[in-house]
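No lab work stands behind these numbers, since they all come straight from the coordinates. Model, not experiment: these values are computed from the prediction. We place every Cβ from the backbone using ideal geometry, glycine too, and count neighbours over all the protein chains shown.
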Amino acid sequence: MPTLAIIGAGPGMGLAIARTFGARGFDVALLARTPRKLDDLVARLGQEGITAAAFPADVLDRPSLTTALQAARVRFGSIDVLEYSPAPGHSPVPGFTMAVPSEVTVDNLQPQIEYNLYGAVTAARAVLPAMREAGAGMLLFTTGGGSVHPIPMLGNINAAAAALRNWVLNLHNELAGSGVLAAHVAINTWIGEGGPEGIPSATPEQIAPLYWDLYERRDQAEVVFNARRGAPSTFRKAGCPARSPRPCRQPPPGERPAAGNGPRATAAPSPRAAGGPAQSAS
Ligand SMILES: NC(=O)c1ccc[n+]([C@@H]2O[C@H](COP(=O)([O-])OP(=O)(O)OC[C@H]3O[C@@H](n4cnc5c(N)ncnc54)[C@H](OP(=O)(O)O)[C@@H]3O)[C@@H](O)[C@H]2O)c1
């Protein structure tokens, strides 16, 4: 069986992505800080016939991340898809604050870089050599919409997420033709219930299928998920028309928008959708 490793496996996106891949024949390795919460997810997936196992790790403790991924490979035999999406939720991460761009300091930016970029780089380095040797594999990295369209109140958080996005897009370029694919997912909505009035939201179950879509298509560097309250969710890929009602394919590099690698988001991101701290259970 192929194996999906989710780094930052929680009850929101982590569980939904695990279900999406697990229902299609994947075993699932779940990585996060809290063993009790991981065990609960393992049990829930087990009840649905999905084989999962817990590997406690903290993305800010890079050796623990590498060790956990090694243990997952030993347990399942390989890691075929890696998905990186840690989020603080209701478990505060020490040193995390929000800062507008003019108030960004090395001190308030560094933890965000450690969390977003260094953790992702560490995870990729733990699995990429085996994927390259196999000539197959997928690396998926998730951020909020602010990695593409930053908002001032998240100056430090968005900068770190944008750094992750830039690195993923370039990893995608480097890996072209290798059989291994790297891709970035920007979720430009509030996830779950309890978002501010007027802010677009979507459930993890609405968002998770785009990860499988990425896996199956194998030709996308990036997807931006947009949703509008009361309207169907849309999958937005680089170069697609705004509010495209269906998934569409990324155009060749020469046809991409001149402003950069990424697509335009259709909705102004909320602080949380832009990558800010969660304010409700997720
Ligand atoms: N929630 C939103 O509204 C929103 C909006 C836009 C984008 N996003 C993106 O969506 C992804 C998260 O989805 P979600 O909010 O539904 O989260 P989730 O999958 O429900 O949970 C994420 C999990 O990450 C774990 N985590 C936190 N800090 C960690 C650390 N230092 N090391 C390892 N694991 C850690 C937490 O478990 P432990 O506490 O046990 O470690 C948490 O349960 C992130 O990529 C985020 O940027 C979220």
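Rg over Rh for the stretch 3-255 works out to 0.94, both radii taken from alpha-carbon positions and Rh defined as the Kirkwood radius. For the stretch 3-255, the relative contact order works out to 15 percent when only alpha carbon pairs closer than 8 Å and six or more residues apart are counted.
Among the DSSP beta bridges whose two residues both lie in the stretch 3-255, what percent are antiparallel, rounded to the nearest 5? Can you show the working numbers first?
Working: 4 of 34 bridges.
About 10 percent, rounded to the nearest 5.
Would you work out the relative contact order for the stretch 41-139, in percent, from Cα pairs under 8 angstrom that are 6 or more residues apart? Could the numbers behind the result be given before it?
Numbers: 65 pairs, mean separation 33.2, N = 99.
Taking the mean separation of contacting Cα pairs over the length of the stretch 41-139, I get 34 percent.
Assuming R0 = 45 Å, what is the FRET efficiency of T51 and E103, from their Cβ-Cβ distance, to the nearest 0.05?
Details: r = 47 Å, r/R0 = 1.03.
The value I calculate is 0.45.
Using a cutoff of 8 angstrom between alpha carbon atoms and counting only pairs six or more residues apart, the relative contact order for the stretch 6-78 works out to 27 percent.
First obtain the Kirkwood hydrodynamic radius of the stretch 60-108 from its Cα pairs, then insert it into the Stokes-Einstein equation at 25 °C and 0.890 mPa s, and state the resulting D in µm² per second as a whole number. Write down the numbers at each step before the final one.
On the way: Rh = 13.9 Å.
Diffusion coefficient, whole number: 176 µm²/s.
In the stretch 42-176, the convex hull through the Cα atoms has an average projected area of 9.5 nm², a quarter of its surface area.
How big is the dipole moment of the stretch 3-255 about its Cα centre under a simple scheme where the beta carbon of each Lys and Arg is +1, that of each Asp and Glu is -1, and everything else is neutral? Debye, nearest 20, please. Intermediate results must be reported in sequence, preceding the final value.
Details: 21 positive and 21 negative charges, 88 e Å.
Charge dipole, the stretch 3-255, about its Cα centre: 420 debye, nearest 20.
Which whole number in µm²/s is D for the stretch 18-120 by Stokes-Einstein, with the Kirkwood Rh taken over Cα pairs at 25 °C and 0.890 mPa s? Don't skip to the answer; put the middle values down first.
Details: Rh = 15.1 Å.
Using the Kirkwood radius from Cα pairs, D works out to 162 µm²/s.
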